[in-house]
1. Output the number of residues of region 12-57 satisfying the condition of being part of a helix (DSSP H, G or I), at pLDDT below 95 and surrounded by 15 or more Cβ atoms within 10 Å (Cβ to Cβ).
2. Quick check: is even one residue across region 156-175 open to solvent by 30 Å² or more (accessible area, probe 1.4 Å), within 22 Å of residue 49 (Cβ to Cβ), modelled with pLDDT of 95 or more and in a helix (DSSP H, G or I)?
3. When you look at residue 19, is it over 15 Å from the mean Cα position of the chain (by Cα) and polar (S, T, N, Q), yes or no?
4. Can you tell me how many residues in region 116-149 are assigned to a helix (DSSP H, G or I), out of contact with any His (no Cβ under 6 Å at 6 or more places or on another chain) and surrounded by 15 or more Cβ atoms within 10 Å (Cβ to Cβ)?
5. Taking the options 5, 60, name whichever one is without any contact (Cβ under 8 Å) to a residue 24 or more places away in the chain, of a type in the set (A, V, I, L, M) and assigned to a helix (DSSP H, G or I).
Amino acid sequence: RYVEATVSRVVQVVDGPPSLVLLDVSCGTGRLLECLRRQFPQGTLIGLDGSWGMIRQANAKTPVRPLSVVQGLADHLTFRNATFDRVVCTNAFHYFHRPLNVLQECRRVLKPLGAVVLLDWCRESWHCRLIDGWLRLVDRTHVRMYTRRELHALLAEAGFVTQRSERFRVSWFLGWKIWDMMLVIATPTPS
């Protein structure tokens, strides 16, 4: 339920021409790309992930749909400047050790009229602050959760203007909607 709720939220806000060129940073198993392929059948959709295991799963799930899923790091994208109409990152921002570098790289590969769509865990409620602290102790891959204010500041420092920002909750355990999420859409600051 969690994956479907978060992926569908991103699918609802990603817009663009039929020939959309999109990068999914830390695409995992490619679930979001599968959904976006239905919405943009003529688009160029590229997934990037640092884990070969995730890439294998993404490629195994989509043999009929031509999706390009490549190995790479979010803070050092190997794409040319101004390549993508949209860059999305779903359920992964809390794993980045250098979040500002990631956002600067997203800014670099975006076209001037492009947009970045970020959906991630949100550290605004007391229970999510507790979960964040606990995860820092027990999960070596977890770096930190952010508040919307913190994410907006990082985006501004990376050269973005926040266009939309919302907080919502999704079900994580026994159908209880207690997991705080945030969805932020930002565009490059005009040069």
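The values are calculated or read from the model by the stated rules, or taken from the named source; none is laboratory data. This one's a predicted model, so the numbers in the text were calculated from it and none came from an experiment. Here the Cβ is made from the backbone with ideal geometry for all residues, glycine too, and neighbour counts use every protein chain on show. We work out accessible area using only protein heavy atoms, side chains counted, and drop any ligands, DNA or RNA first. Shrake-Rupley method; radii C 1.70, N 1.55, O 1.52, S 1.80 Å.
1. Going through region 12-57 one residue at a time, the tally reaches 11.
2. Of region 156-175, the ones open to solvent by 30 Å² or more (accessible area, probe 1.4 Å) are 156-157, 161-167, 169, 172-175.
If we keep only those that are within 22 Å of residue 49 (Cβ to Cβ) as well, we get none.
Scanning region 156-175, I find no residue that is open to solvent by 30 Å² or more (accessible area, probe 1.4 Å), within 22 Å of residue 49 (Cβ to Cβ), modelled with pLDDT of 95 or more and in a helix (DSSP H, G or I), so the answer is no.
3. Numbers: over 15 Å from the mean Cα position of the chain (by Cα): yes; polar (S, T, N, Q): yes.
So residue 19 passes the test.
4. 4
5. On the way: 5 fails: without any contact (Cβ under 8 Å) to a residue 24 or more places away in the chain.
Residue meeting the stated conditions: 60.
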